[in-house]
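This report concerns only the one structure given below.
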Amino acid sequence: MPIELGIWRIDGKLQRVSASRLESESKLEDFLEQDPNLLGPNILIIGRQMTTGFRKKIDLFGINAEG
């Protein structure tokens, strides 16, 4: 099921930024890796495209202040 995330711009008034497609999933990972606070406060990214013990991939692996 797709998830929609709203992004808003404030230029004197509140205005929702129109949705658009990213050219690749890696571009989204780039944005989130560069600014992990988009995911929540105090997130530290530890790895990207990591393979788990179950031979599955994790796009971005991070922890928050509570571990």
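Values quoted throughout were computed directly from the atomic coordinates according to the rules given, and no laboratory measurement underlies them. This structure is a prediction, so every number in the text was calculated from the model and none was measured. When we count neighbours, we look across all protein chains shown, and the Cβ atoms used for this are built from the backbone with ideal geometry, even at glycine.
Annotations for the structure displayed:
- Index of the failed condition, residue 40 passing every other in (1) surrounded by 10 or more Cβ atoms within 10 Å (Cβ to Cβ); (2) touching a residue at least 12 places away in the same chain (Cβ under 8 Å); (3) over 19 Å from residue 61 (Cβ atoms): (3)
- Some residue of the range 43-61 being free of Cβ contacts under 8 Å to residues at least 40 places away in the same chain, surrounded by 10 or more Cβ atoms within 10 Å (Cβ to Cβ) and acidic (Asp, Glu): yes
- Figure legend. Inter-residue proximity from the range 16-27: first residues in contact (Cβ under 8 Å) with a residue 24 or more places away in the chain and under 22 Å from residue 57 (Cβ atoms), second residues loosely packed, with under 10 Cβ neighbours inside 10 Å and among the aliphatic types (A, V, I, L, M), beta-carbon distance below 9 Å, spacing 6+ or different chains. No pairs are indicated.
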